[in-house]
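Here is the structure we will look at.
Readers should treat all values here as calculations from the given coordinates under stated rules, not as data from a laboratory. Just so it is clear, the structure is predicted and the values come from calculations on it, not from any experiment. Cβ: placed from backbone, ideal geometry, glycine included. Neighbour counts: every protein chain shown.
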Amino acid sequence: MFMKREQWGSRPGFILAAVGSAIGLGNIWRFPYMAYENGGGAFFIPYLFAMISAGIPFMIMEFTLGHKLRGAAPRAFSKLGVKLEWLGWFQVFIAAVIAVYYVAIIGWAISYLGYSFTQSWGTDTNAFFFSEYLQLGENSPSKLGNLQMHIVLPMVLAWGITFAAIFTGIKGGIERASKIMMPLLFLMVIGLITRVVFLPGALDGINYLFEPDFSKITDPTVWSAAYGQIFFTLSVGFAIMIAYSSYLPEKSDINNNAFMTVLINCGFSITSGVLIFAVLGYMAQDQAKPITEVVTAGVGLAFVTIPAAINLLPAPYILGPLFFLALVVAGLSSHISIIEAVTSAVIDKLNWSRKKAASVVCGVGFAVSMAFATNGGLLLLDLVDYFINNVALLASCLVELIVIGWLLKISDIRDYANDLSDFSIGKWFEICIRFISPIMLAVILATNLWKTFNEGYGGYEMSDLLMLGWGLVAAMFVVAVIINVTSKSPSQQEG
Ligand code: PHE
Ligand code: NA
């Protein structure tokens, strides 16, 4: 039976979907504090370097792979070589793992959207988040405690929206959702920013973000942070963009689409940085504290500091819901893309209908994600997120670069993209893919492995690190290899 592959309905539709994937929680809460922690304005140098040397070439490469090979990551890689299918599955597993914890953060954001109308998080937003909301007690990543129904419910809602989009399909579901969500998100952020920058102290906050600390530029951890952030923020290296571009129509301007996606995403990150730091500057002035004392990193930024700042804002019942709705929309459009990466891989492999694959993937994903709706959910999330981002994702990107840059003819990819595109990309593309990015990634990955091996992470028990960190990554790899070895040839899978 031959079924024609689905297609995006229009070029803006595809770009909005790709941008919807790229712009996510990572832009709104992760980027601002990373920039802040890693040298403020000076962080932009490594960040822009990583964007140009890794982000743009990677995006062009993945759009080309998807367009040319017409498959989700496992099929795309298996068409490049029968021994490469495992890489696609490894990436799909990264996507699947991120999907199940990312949806928990969307769930929290939905809850906080509700609280924001009346600021029912109270004045001690720290105690509220950790003790009252998450109910984090004497837990650990392996002692999770009980399911928290007030976290389960918003997660059900998030899964419901994702499921509806995936189940309906590329054009009618994902593209339609992106066309509503992305303009809405841009409007909300523009609305927020135009109000917030006029608050007293806002400019001090913004200056603080951009004030460069050049001593940080020679610090390798800053470069590592910049590269790690670029892959995560652009959704490259974990099966998403290959899946999305496998639905591109024959005639598609790959180079242009890739540049637009990267630039809109990074522009959005900087805009969110301005927004968050304007609010922090206002808060610092209001409380007569230095800004360093009001900033928190990690989940605390969005769920502790921002609520505290919203308490102080004029018309908090408007600005608060706008902020959390923006967070929810940004998160959902990314969650849709990451579930699509898994679903389309299942469709390719098992020849299931989209409806069946979507139901099974979302059903299993929902069940597993419940682990993050427990008392210890945050700790499990923190541990798994660390290993996925700092080990699995970087390793996956490095292997992809080596495979494409060294085992195959990378100039073919450039020619393919240039043939389809209005403007051509030059030799620099090959230099980035073959040399600059893999060298940077290899150094960063080796450093991360060494550090994590010796120091562990976050003070978690060795047994937890072994099972839920190293063990999880190893299991993903082993299962991917088993699927590859037992696989039929790609032509037989063609369906
Ligand atoms: N690019 C997303 C972000 O910045 C990362 C992501 C994509 C996470 C898809 C989950 C799903 O948040
Ligand atoms: Na992003």
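A few notes on this one:
- In nm, spacing of pseudo-spin labels at residue 312 and residue 382 (7 Å Cα→C-beta vector): 2.5 nm
- Scaled radius of gyration (Cα, divided by 2.2 N^0.38 Å) that the stretch 1-52 gives: 1.75
- In this rough spin-label picture, where each label sits 7 Å from Cα along the Cβ direction, the residue 364-residue 455 distance is 3.6 nm.
- Computed helical MRE - 222 nm, the chain, DSSP H runs ≥ 4 contributing -39500 (n - 2.57), nearest 500: -20500 deg cm²/dmol
- The packing ranking of peptides 122-135, 358-371, 65-78, highest mean first, is 65-78, 358-371, 122-135, where packing means the average number of other beta carbon atoms within 10 angstrom of each residue.
- Only helices reaching 24 angstrom along their own axis (Cα) with mean Kyte-Doolittle hydropathy no lower than -1.0 count here, and for the DSSP H runs of the chain these are 85-116, 149-168, 176-196, 254-286, 316-350, 437-455.
- Charge dipole of the chain (Cα centre as origin; +1 on each Lys and Arg Cβ, -1 on each Asp and Glu Cβ, all else neutral): 1560 debye, rounded to the nearest 20.
- Taking each residue as 0.36 nm, the span from residue 287 to residue 150 lengthens on full extension beyond its C-alpha to C-alpha distance by 46.1 nm.
- Dipole of the stretch 269-393, positive direction: furthest Cα of 378, 313, 298, with charges on the beta-carbon: 378
- Each residue of the stretch 119-124 is assigned a 3J(HN,Hα), and the resulting list reads 6, 6, 7, x, 8, 8 Hz, derived from the Karplus form 6.51 cos²θ - 1.76 cosθ + 1.60 (θ = phi - 60°), x at Gly and Pro.
- Exposure proxy order (Cβ contacts within 10 Å, fewest to most) of 196, 156: 156, 196
- Among 380-386, 99-105, the order from most to least packed when residues are scored by Cβ within 10 Å on average: 99-105, 380-386
- Highest mean packing first, where packing is the average number of other Cβ atoms within 10 Å per residue, the peptides 146-153, 293-300, 202-209 line up as 202-209, 293-300, 146-153.
- Of all lysines in the structure, those lying under 20 Å Cα to Cα from residue 427, and not within fewer than 8 positions of it along the same chain, are 409.
- With only the Cα atoms considered, the stretch 374-433 has a convex hull volume of 121 Å³ per residue.
- The chain: Rg to Rh, with Rh as the Kirkwood radius over Cα pairs: 0.95
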